[in-house]
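Working notes, structure below.
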(Lines give C-alpha, C1' and ligand atoms only; values in the text may rest on other atoms or scores of the structure.)
Protein backbone atom coordinates (compact mmCIF):
# COMPACT_ATOMS: atom_id res chain seq x y z
CA UNK A 1 0.00 0.00 0.00
CA UNK A 2 1.38 3.40 -0.93
CA UNK A 3 1.05 6.53 1.15
CA UNK A 4 0.17 9.71 -0.65
CA UNK A 5 2.30 12.71 0.15
CA UNK A 6 -0.30 15.33 0.97
CA UNK A 7 -3.52 13.43 1.31
CA UNK A 8 -5.03 10.11 2.24
CA UNK A 9 -7.49 8.65 -0.18
CA UNK A 10 -10.52 6.72 0.96
CA UNK A 11 -8.88 3.63 -0.50
CA UNK A 12 -5.78 4.04 1.67
CA UNK A 13 -7.77 4.57 4.84
CA UNK A 14 -10.04 1.62 4.11
CA UNK A 15 -7.06 -0.63 3.28
CA UNK A 16 -5.42 0.19 6.62
CA UNK A 17 -8.67 -0.52 8.47
CA UNK A 18 -9.18 -3.80 6.62
CA UNK A 19 -5.68 -4.96 7.51
CA UNK A 20 -6.24 -4.05 11.17
CA UNK A 21 -9.52 -5.98 11.35
CA UNK A 22 -8.01 -8.97 9.58
CA UNK A 23 -5.06 -8.97 12.00
CA UNK A 24 -7.33 -8.78 15.03
CA UNK A 25 -9.49 -11.64 13.79
CA UNK A 26 -6.42 -13.77 13.11
CA UNK A 27 -5.02 -13.08 16.58
CA UNK A 28 -8.28 -13.99 18.31
CA UNK A 29 -8.51 -17.21 16.29
CA UNK A 30 -4.86 -18.16 16.98
CA UNK A 31 -5.21 -17.36 20.69
CA UNK A 32 -8.35 -19.49 21.06
CA UNK A 33 -6.59 -22.87 21.39
CA UNK A 34 -4.21 -21.34 23.97
CA UNK A 35 -7.01 -20.02 26.20
CA UNK A 36 -7.71 -22.02 29.34
CA UNK A 37 -10.92 -20.45 30.63
CA UNK A 38 -14.28 -21.12 29.00
CA UNK A 39 -15.37 -17.48 29.37
CA UNK A 40 -12.19 -16.34 27.63
CA UNK A 41 -12.77 -18.83 24.81
CA UNK A 42 -16.29 -17.46 24.37
CA UNK A 43 -14.90 -13.93 24.39
CA UNK A 44 -12.30 -14.77 21.72
CA UNK A 45 -14.93 -16.31 19.46
CA UNK A 46 -17.11 -13.22 19.94
CA UNK A 47 -14.21 -10.83 19.24
CA UNK A 48 -13.17 -12.73 16.10
CA UNK A 49 -16.77 -12.47 14.86
CA UNK A 50 -16.81 -8.76 15.65
CA UNK A 51 -13.58 -8.20 13.69
CA UNK A 52 -15.15 -10.06 10.76
CA UNK A 53 -18.23 -7.83 11.04
CA UNK A 54 -16.04 -4.71 11.13
CA UNK A 55 -14.07 -5.96 8.13
CA UNK A 56 -17.29 -6.10 6.12
CA UNK A 57 -18.40 -2.71 7.45
CA UNK A 58 -15.15 -1.17 6.20
CA UNK A 59 -15.55 -2.89 2.82
CA UNK A 60 -19.00 -1.33 2.54
CA UNK A 61 -17.67 2.03 3.70
CA UNK A 62 -14.95 1.85 1.06
CA UNK A 63 -17.51 1.39 -1.68
CA UNK A 64 -19.46 4.43 -0.45
CA UNK A 65 -16.70 6.95 0.19
CA UNK A 66 -15.06 9.04 -2.46
CA UNK A 67 -13.02 11.66 -0.70
CA UNK A 68 -9.57 13.04 -0.37
CA UNK A 69 -8.46 14.25 3.02
CA UNK A 70 -6.22 17.29 3.12
CA UNK A 71 -4.88 17.66 6.64
CA UNK A 72 -4.05 20.87 8.40
CA UNK A 73 -0.32 20.45 8.87
CA UNK A 74 2.75 22.54 9.58
CA UNK A 75 4.73 20.94 6.77
CA UNK A 76 3.92 18.61 3.89
CA UNK A 77 3.68 15.04 5.09
CA UNK A 78 3.36 15.82 8.81
CA UNK A 79 -0.08 14.25 9.22
CA UNK A 80 0.84 11.33 6.98
CA UNK A 81 3.86 10.61 9.18
CA UNK A 82 1.68 10.80 12.29
CA UNK A 83 -0.94 8.36 11.00
CA UNK A 84 1.73 6.06 9.60
CA UNK A 85 3.41 5.96 13.02
CA UNK A 86 0.05 5.10 14.64
CA UNK A 87 -0.48 2.26 12.21
CA UNK A 88 3.11 1.03 12.44
CA UNK A 89 2.93 0.91 16.23
CA UNK A 90 -0.45 -0.85 16.20
CA UNK A 91 -0.05 -4.03 18.23
CA UNK A 92 -1.59 -6.36 15.64
CA UNK A 93 0.13 -6.24 12.30
CA UNK A 94 -0.89 -9.11 10.08
CA UNK A 95 2.75 -10.07 9.49
CA UNK A 96 3.46 -10.23 13.24
CA UNK A 97 0.43 -12.05 14.65
CA UNK A 98 2.26 -15.39 14.79
CA UNK A 99 5.05 -13.81 16.85
CA UNK A 100 2.53 -12.22 19.21
CA UNK A 101 0.79 -15.55 19.76
CA UNK A 102 4.15 -17.09 20.73
CA UNK A 103 4.39 -14.55 23.57
CA UNK A 104 1.18 -15.81 25.22
CA UNK A 105 1.89 -17.54 28.53
CA UNK A 106 -1.57 -17.40 30.10
CA UNK A 107 -5.12 -16.10 29.78
CA UNK A 108 -4.16 -12.72 31.21
CA UNK A 109 -1.64 -12.23 28.38
CA UNK A 110 -4.39 -12.82 25.83
CA UNK A 111 -6.57 -10.22 27.52
CA UNK A 112 -3.70 -7.70 27.68
CA UNK A 113 -3.13 -8.08 23.93
CA UNK A 114 -6.86 -7.82 23.26
CA UNK A 115 -7.20 -4.60 25.27
CA UNK A 116 -4.17 -3.10 23.51
CA UNK A 117 -5.60 -3.99 20.13
CA UNK A 118 -8.98 -2.47 20.87
CA UNK A 119 -7.42 0.74 22.26
CA UNK A 120 -5.12 1.09 19.25
CA UNK A 121 -8.08 0.57 16.95
CA UNK A 122 -10.05 3.35 18.63
CA UNK A 123 -7.18 5.80 18.27
CA UNK A 124 -6.67 5.01 14.59
CA UNK A 125 -10.39 4.92 13.78
CA UNK A 126 -10.78 8.31 15.49
CA UNK A 127 -8.16 9.74 13.14
CA UNK A 128 -9.97 8.19 10.18
CA UNK A 129 -13.23 9.68 11.47
CA UNK A 130 -11.62 13.11 11.63
CA UNK A 131 -10.57 12.66 8.01
CA UNK A 132 -13.91 11.38 6.79
CA UNK A 133 -16.98 12.91 5.27
CA UNK A 134 -20.24 12.97 7.27
CA UNK A 135 -21.42 9.56 6.14
CA UNK A 136 -18.07 7.94 6.87
CA UNK A 137 -17.79 9.68 10.23
CA UNK A 138 -21.15 8.24 11.31
CA UNK A 139 -20.10 4.71 10.41
CA UNK A 140 -16.73 5.14 12.09
CA UNK A 141 -18.37 6.51 15.25
CA UNK A 142 -20.50 3.37 15.41
CA UNK A 143 -17.40 1.17 15.03
CA UNK A 144 -15.53 3.20 17.67
CA UNK A 145 -18.41 2.69 20.09
CA UNK A 146 -18.34 -1.04 19.41
CA UNK A 147 -14.60 -1.11 20.14
CA UNK A 148 -15.27 0.71 23.42
CA UNK A 149 -17.83 -1.96 24.27
CA UNK A 150 -15.23 -4.63 23.56
CA UNK A 151 -12.83 -2.97 25.99
CA UNK A 152 -15.51 -2.93 28.69
CA UNK A 153 -16.23 -6.64 28.18
CA UNK A 154 -12.55 -7.57 28.14
CA UNK A 155 -11.93 -5.57 31.32
CA UNK A 156 -14.88 -7.23 33.06
CA UNK A 157 -13.47 -10.65 32.22
CA UNK A 158 -9.97 -9.56 33.27
CA UNK A 159 -11.24 -8.35 36.66
CA UNK A 160 -13.09 -11.62 37.24
CA UNK A 161 -9.90 -13.67 36.86
Checked the range 19-37 for anything surrounded by fewer than 19 Cβ atoms within 10 Å (Cβ to Cβ) and in contact with a helix residue (DSSP H, G or I) (Cβ under 8 Å, 6 or more places away or on another chain); matches are 22, 26, 29, 30, 32, 34, 36, 37
Picking from 160, 95, 132, the residue that is exposed (fewer than 13 other Cβ atoms within 10 Å of the Cβ), at pLDDT below 80 and in contact with a helix residue (DSSP H, G or I) (Cβ under 9 Å, 6 or more places away or on another chain) would be 95
| field | Hey, residue 57 at pLDDT below 95, surrounded by fewer than 17 Cβ atoms within 10 Å (Cβ to Cβ) and assigned to a helix (DSSP H, G or I) or not | value | no
Residue 68: passes all of (1) touching a strand residue (DSSP E or B) at 6+ places or on another chain (Cβ under 7 Å); (2) modelled with pLDDT of 65 or more but (2)
Check: Taking residue 86, is it out of contact with any strand residue (DSSP E or B) (no Cβ under 6 Å at 6 or more places or on another chain), at pLDDT 70 or above and in a helix (DSSP H, G or I)?
Finding: no
Restricted to the range 38-47 and to residues being surrounded by 15 or more Cβ atoms within 10 Å (Cβ to Cβ) and touching a residue at least 12 places away in the same chain (Cβ under 8 Å), the residue farthest from the chain's Cα centre (by Cα) is 40
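So, residue 150, is that one closer than 25 Å to residue 56 by Cβ, surrounded by 15 or more Cβ atoms within 10 Å (Cβ to Cβ) and modelled with pLDDT under 90 or not? Spell out how you get there, then give the answer.
Values: closer than 25 Å to residue 56 by Cβ: yes; surrounded by 15 or more Cβ atoms within 10 Å (Cβ to Cβ): yes; modelled with pLDDT under 90: no.
No.
The values are calculated or read from the model by the stated rules, or taken from the named source; none is laboratory data. Since we're looking at a predicted model, the values are computed, not measured. We place every Cβ from the backbone using ideal geometry, glycine too, and count neighbours over all the protein chains shown.
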